[in-house]
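Following: one structure in structure tokens, then a few remarks.
The values are calculated or read from the model by the stated rules, or taken from the named source; none is laboratory data. Quantities reported herein were computed from a predicted structural model and do not represent experimental measurements. Here the Cβ is made from the backbone with ideal geometry for all residues, glycine too, and neighbour counts use every protein chain on show. Each accessible area value is taken on the protein alone, full model and side chains, heavy atoms only, with ligands, DNA and RNA left out. Shrake-Rupley method; radii C 1.70, N 1.55, O 1.52, S 1.80 Å.
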Amino acid sequence: MTKKIAPSLLAADFANLQREVEMVNQSEAGWLHLDIMDGVFVPNISFGMPVVKAIARHAKKILDVHLMIIDPDRYIKTFAELCASFLTVHYEACHHLHRTIQAIKSEGMQAGVALNPHTPVQLLENIIEEIDLVCVMSVNPGFGGQSFIENTYRKVADLRELIEQKNAKALIEIDGGVSATNAKKLIDAGANVLVAGSFVFGSDDPSATIQNLKKEIA
Ligand code: DX5
Ligand code: ZN
């Protein structure tokens, strides 16, 4: 089973982005998670295309781009050009999710769908086979450093059941409030990829913290 740690650069030192990206390159992280916020879908603005372009110049890990924006279809091509491997859109931001997923895949990227804490996993029943990744939000999107929502374990277990029922191949990613306290429990519930922002970048030794998380889920 795929098990990865994806540090979220949202919690990194933006004045030293190259250094932070190099740290992730050298670490045991599998992916690098990039959070794009538009100030409309979520009440915060993070960073945009020029910054992603600069990050992509240095990043050696798989780029996992999480779009917290309305009307994400407008930018699918742009993120393909910026070397995103996974492009994740929010269920709540898409009127025609099936079309959006096909558009992401036709640009050669893996298609992800993120679910807000209030959105039931059962809503993916008729589309799960088309999806490469489901990002289960374990906080309300928009900010790093929030507390983990405990109901996530049940959602992950339900989603794992749905994926198996349908014989689908979607990876399950958890985003928000991930730490050494919940990492193993999340993997045991059926998760594959753990995004960690403040737990990694807020620690004294981020590289060692990634290594510890990796050990937790091994
Ligand atoms: C929140 C973002 C997360 C965020 C996680 O909206 O999608 O990726 O960086 O941060 P932590 O790990 O600090 O909760
Ligand atoms: Zn995210």
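Some values worked out for this structure:
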item: Any chance Leu32 is modelled with pLDDT of 95 or more, farther than 21 Å from Gly177 by Cβ, crowded, with 19+ Cβ neighbours inside 10 Å and within 16 Å of ligand 2 (Cβ to nearest atom); result: no
item: Tally of residues being touching a helix residue (DSSP H, G or I) at 6+ places or on another chain (Cβ under 6 Å) and either within 11 Å of ligand 2 (Cβ to nearest atom) or not small (Gly, Ala, Ser) (or both) across the range 135-154; result: 4
item: Among residues of the range 37-70, those that are farther than 14 Å from Gly112 by Cα, within 12 Å of ligand 2 (Cβ to nearest atom) and either modelled with pLDDT under 95 or part of a strand (DSSP E or B) (or both), counted; result: 1
item: Residue within the range 161-177 that is assigned to a loop (DSSP other than H, G, I, E, B) and within 16 Å of ligand 2 (Cβ to nearest atom) present; result: yes
item: The range 177-193, residues that are over 13 Å from Gln211 (Cα atoms), of a type in the set (A, V, I, L, M, F, W, C) and buried (at least 21 other Cβ atoms within 10 Å of the Cβ); result: Val178, Leu186, Ala191, Val193
item: Members of the range 129-171 found to be among the polar types (S, T, N, Q) and open to solvent by 60 Å² or more (accessible area, probe 1.4 Å), listed by number; result: Asn140, Gln146, Ser147, Asn151, Gln165, Asn167
